[in-house]
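S.K.: Please read through the structure below; I'll follow up with questions.
Where a number appears in this text, it was derived from the coordinates with a stated rule and is not lab data. No experiment lies behind these values; they were computed from the predicted model shown. Methodologically, a virtual Cβ is constructed for each residue, glycine included, from the backbone with ideal geometry; neighbour enumeration extends over all protein chains shown.
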Amino acid sequence: GAQSTAIGAVANAIGDYATAVGTQTTAGGTSSVAVGGPVDLIPGLGFFVNTEATGEASAAFGSGAQATGDYSVANGTLAAAEGIESTAVGYFSYAPGDGATALGAETWASGELSTAVGFYSTALGDNSVALGANSTATRDNTVSVGDVGSERQITNVAAGTEGTDAVNLDQLNAVAEVAEGTALNFQASGGEGSNVGAYVEGEYNVAAGNAANAIGTGATALGSGATSVADNATAVGVNAVAAADSATAVGGSLYVEDEDGNVLLDGTTEASEVGASAFGAGATATAAYSTALGAGASAEGLQATAVGYSASAAADGGTASGSFSEASGTLSSAFGYGATAAGDYGTALGAVANASGAGAVAVGEYATATGAESVAVGGTTFFGLIQAEASGEGASSFGAGAWALGDYATALGWNSWADAVSSTAIGESAIAEAANSVALGASSYADRDNTVSVGDVGSERQITNVAAGTEGTDAVNLDQLNAVAEVADNTSKYFQASGSEASDAGAYVEGDDALAAGEASNAIGTGASALGAGANAVADGATAVGYNAVASGQNSAAFGQNAQAT
């Protein structure tokens, strides 16, 4: 697809702006992301499932993960998100319902807008919530925290104040006039000195926790200070906030100081736009259909995805996966600890990889691609001091420590260097530092423009298997040179000339059919002939034969040493 990226054996990026990373991965939808590889569905049977993201703007992360619904997210081995805007996180999690969320290993959320949280939890009813391991929610617009025969207590529930509010045991005891001293099965506490209870407003809402608020239709707020203020919004955790329709915020507050007491992180879990999802303490998803997964993760762009501690996807369609990873360019992708994709449509894959140029690709530990449409593939050399880097526009570097600094330069090989415009360095430690030059072979050095070097001073190489040149600018082989040398050898048998030791003056002719032979001999004129060192025939038809003989008149002839004919 247009401006798509595929990395890995048989990886397919079919959709426009799609990204596929891993063996046999497929990113088929527009702006889709598939990262993973094949996995045996039942170990030993050989029924392999590939990682695929076929929905529009879908994202699949993990071996065998499948994101087939538009705007869906599947994260985990064999996770499957089939519904529109569905989310499946965890091994074998399954979210076939539109807007459904399945969070946890082997979870199932098939109802529309359903939510299943916890190992093997199942949410079958529309807008239902199954919360906790093995929980089952089969009815529409319900919240289940267990199953028949394996029910759970819900603790820390404030006293209900509206007709549809949940009640706590104190209220039940008052109604039933249970004797004083009955053990409490439900408790909730607030901050010291606080007596603010939970509050709901609207139908099908749940609020549990001191100062929890669920306002809207189908809103859920679980946790002290948790707030859901939109239809079908879900907020779980201390001070968690779900502020838009179908938004989900799961996690508590995050507060981090450095050793000097400086505040590094101070935030609550928040999902503030329609369809946004935030999972993790302090995670924030502040744009429509964005997803933030991990403590301190931040997804600020439309349909952006941030996965990992303090991961950040700030631009529309951006994907950041890995602690401290950052995708700040439109439709950019950063995968790996500290990876950064700052350029639009850029891709960074590897720990601290950096793709800051538009359309740039950086693959490998500390790989750096800063030029527009540049490519850097490789790790570091010299104990991590030198990374693969492509800083020129359209430059390409392949190999640990390879550098392509000039525009459209290419460096291929360990520690290779292409420093000038359109230069090419191929081989370990090859250097091409002149424009349009080529350094071919390990340690080759090209320092002149428009040249090809196959070695260096003192370490020259032969070029073998060269076909005979046929055009004026073709290279010639030794056979051709030997043939010319043979002609020269035969000629030298019958003609030889020498000059004085201190002179380098040669023979000179000017005019048609002229002949000059000897040091400093001159034949100037049509048909002029000068034979002998210093002989001069300087008129048409003149002939000078002998040392310093001079024939200056037309058709004159001078024969002998110092002879003159005028």
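S.K.: Please report the Cα spread of the chain along all three principal axes, rounded to whole Å, starting with the longest.
M.R.: Largest first, the chain extends 150, 56, 38 Å along its Cα principal axes.
S.K.: Taking the chain as the reference, fit the longest principal axis to its C-alpha atoms, fit the long axis of helix 478-494 to the helix C-alpha atoms, and give the angle between the two in degrees, 0 to 90, nearest 10.
M.R.: Around 10 degrees separate the two axes.
S.K.: Would you compute, from DSSP H runs of 4+ residues alone, the mean residue ellipticity of the chain at 222 nm, taking -39500 (n - 2.57) per run and dividing by the full residue count, rounded to the nearest 500?
M.R.: That comes out to -1500 deg cm²/dmol.
S.K.: Name the long-range amide H neighbours of THR5: under 5 Å, sequence gap of 5 or more, or other chain; modelled H, no Pro or chain starts.
M.R.: Amide H neighbours of THR5, under 5 Å, 5+ apart: ALA18, THR19, ALA20.
S.K.: Would you compute the Debye intensity of the stretch 476-543 from its alpha-carbon atoms alone, equal scatterers and no solvent, and pass along log10 I(q)/I(0) at q = 0.13, 0.17, 0.28 Å⁻¹ to two decimals?
M.R.: Once normalised to I(0) and log-transformed, intensities are -0.48, -0.69, -1.00.
S.K.: Would you please state the base-10 log of I(q)/I(0) at q = 0.12, 0.19 1/Å for the stretch 508-565, with intensities from the Debye formula using one equal scatterer on every alpha carbon?
M.R.: The calculated log intensity ratios at q = 0.12, 0.19 Å⁻¹ are -0.17, -0.43.
S.K.: Something else now. Only sites in a loop by DSSP and with at most 16 other Cβ atoms within 10 Å count here; which chymotrypsin sites (Phe, Trp or Tyr not before Pro) in the stretch 446-513 make the cut?
M.R.: PHE495
S.K.: If we count GluC sites (Glu not before Pro) as exposed when they sit in a DSSP loop and have at most 14 other beta carbons within 10 Å, what is the longest stretch of the chain that avoids them all? Don't jump to the answer; show the numbers that get you there.
M.R.: On the way: sites that count: GLU151, GLU162, GLU177, GLU180, GLU192, GLU203, GLU259, GLU460, GLU471, GLU501.
In the chain, the maximal stretch lacking such sites is 260-459.
S.K.: A further question on this structure: Which cross-chain or sequence-distant (5 or more) residues have an amide H under 5 Å from the amide H of GLN554, H modelled 1.01 Å from N in plane?
M.R.: Distant-sequence amide H within range of GLN554: zero hits.
S.K.: Using amide H atoms built in the peptide plane, which far-off residues or other-chain residues are under 5 Å from SER453 H to H?
M.R.: Hits under the 5 Å cutoff: VAL438, ALA439, LEU440.
S.K.: Oh, and also: Charges only on Cβ, +1 for Lys and Arg, -1 for Asp and Glu: so what's the dipole of the stretch 378-508 about the Cα centre, in debye to the nearest 20?
M.R.: Working: 3 positive and 17 negative charges, 45 e Å.
Dipole of the stretch 378-508, to the nearest 20 debye: 220 debye.
S.K.: Enter the Cα centre distance for the pair the stretch 401-443 and the stretch 505-566, rounded to the nearest angstrom.
M.R.: So the two Cα centres are separated by 55 Å.
S.K.: Suppose R0 equals 41 Å. What FRET efficiency, 1/(1 + (r/R0)^6) with r the Cβ-Cβ distance, do THR464 and ALA505 give to the nearest 0.05?
M.R.: 0.50
S.K.: Kindly provide the chymotrypsin sites (Phe, Trp or Tyr not before Pro) of the stretch 17-119 that DSSP labels as loop, not H, G, I, E or B, and whose Cβ sees at most 10 other Cβ atoms within 10 Å.
M.R.: PHE47
S.K.: For the stretch 378-461, what is the convex hull (Cα atoms) projected area averaged across all directions, in square nanometres?
M.R.: Convex hull of Cα atoms, orientation-averaged projection: 4.5 nm².
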